[in-house]
Amino acid sequence: MELSEHTKNILGLHLPTDPRWVDLAEISLEAILTDHAYCEQKAATTCITLIQRYSDKEKLVYELAPIVAEEWGHFRLVLNELKKRKLKLGKQRKDEYVNKLIEFQKKGGSPEDRLLDHLLTMALIEARSCERFKRLSEGLPDAYLRNFYRRFMESEAGHYTLFIELAETYLDKKIVRKRWKEWLAHETEIMNELELRGDRIH
């Protein structure tokens, strides 16, 4: 499944991943699979946190509940891939990319502002993950791994649009789109600052 032009336009990432990242990831396969596993785990736990925090928002609760199960299923898939290749799940590392995104979230302000930034943070993480998985699905020499990451790419493509749709359910669409543009611009700055590393998904 190729990402449609509509999906790419919604994605809107300003800075594509440096193609050299795939070569670095291939060299650091155990590290990249370890980091990927923890990314899936954190996605599941973050969705649980959002459900707990915004339990009064029925659509959010019922839309995110299956995402929790899906992300945890992805965690298990990556674990199995590590085991199959006789590789070890390493230690969880500090995620500089996500931490820099969290720094951009509005502190204080209205509950609506905080909800919007929580949802757009997740949308952006899923969008960049989708773009990275697409790179792996096209650039890795291992045909099995290319297909492995194609499945993740397709899943993440649906997830990031869901977070934007949820934002537009509870807030004015113009406000959502304006803030999304600000997030995209900030994410470009982050990507330019971070070292290109093959042992990280982000």
Exercise. Only one of these conditions is not met by Leu89: (1) under 23 Å from Leu171 (Cα atoms); (2) surrounded by fewer than 17 Cβ atoms within 10 Å (Cβ to Cβ); (3) touching a residue at least 40 places away in the same chain (Cβ under 8 Å); (4) among the hydrophobic types (A, V, I, L, M, F, W, C). Which number is it?
Worked result: (1)
Exercise. Among Tyr170, Tyr144, Tyr149, Tyr160, which is within 22 Å of Arg20 (Cα to Cα) and either surrounded by 13 or more Cβ atoms within 10 Å (Cβ to Cβ) or of a type in the set (A, V, I, L, M, F, W, C) (or both)?
Worked result: Tyr149
For this session: Would you check if there is a residue in the stretch 80-87 being aliphatic (A, V, I, L, M) and under 16 Å from the mean Cα position of the chain (by Cα)?
Result: no
For this session: Please enumerate the residues belonging to the stretch 168-202 that are in contact with a Leu (Cβ under 6 Å, 6 or more places away or on another chain) and part of a loop (DSSP other than H, G, I, E, B).
Result: Leu171, Gly198
For this session: For the stretch 162-174, indicate whether the set of residues that are over 18 Å from the mean Cα position of the chain (by Cα) and of a type in the set (Lys, Arg) is non-empty.
Result: yes
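Give the stretch 47-58 a look and list any residue that's out of contact with any Asp or Glu (no Cβ under 9 Å at 6 or more places or on another chain) and not small (Gly, Ala, Ser), or say none.
Quick first cut of the stretch 47-58, residues out of contact with any Asp or Glu (no Cβ under 9 Å at 6 or more places or on another chain) only: 48-58.
Hits for the stretch 47-58 are Ile48, Thr49, Leu50, Ile51, Gln52, Arg53, Tyr54, Asp56, Lys57, Glu58.
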Seminar exercise, completed: Out of (1) at pLDDT 95 or above; (2) touching a Leu at 6+ places or on another chain (Cβ under 7 Å); (3) among the small types (Gly, Ala, Ser), the one Ala25 does not meet is (1)
Problem set entry | Filtered residues of the stretch 95-107 (kept if under 18 Å from the mean Cα position of the chain (by Cα), over 23 Å from Glu26 (Cβ atoms) and not hydrophobic (A, V, I, L, M, F, W, C)) | Asn99, Lys100, Glu103, Gln105
For this session: Answer yes or no as to whether Ala31 is closer than 22 Å to Arg132 by Cα and surrounded by 12 or more Cβ atoms within 10 Å (Cβ to Cβ).
Result: yes
Problem set entry | Hey, Leu184 buried (at least 20 other Cβ atoms within 10 Å of the Cβ), within 23 Å of Lys42 (Cα to Cα) and at pLDDT 95 or above or not | no
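The values are calculated or read from the model by the stated rules, or taken from the named source; none is laboratory data. This is a predicted model, so every value here is computed, not measured. Glycine also receives a Cβ, built like all others from the backbone with ideal geometry; neighbour counts cover every protein chain displayed.
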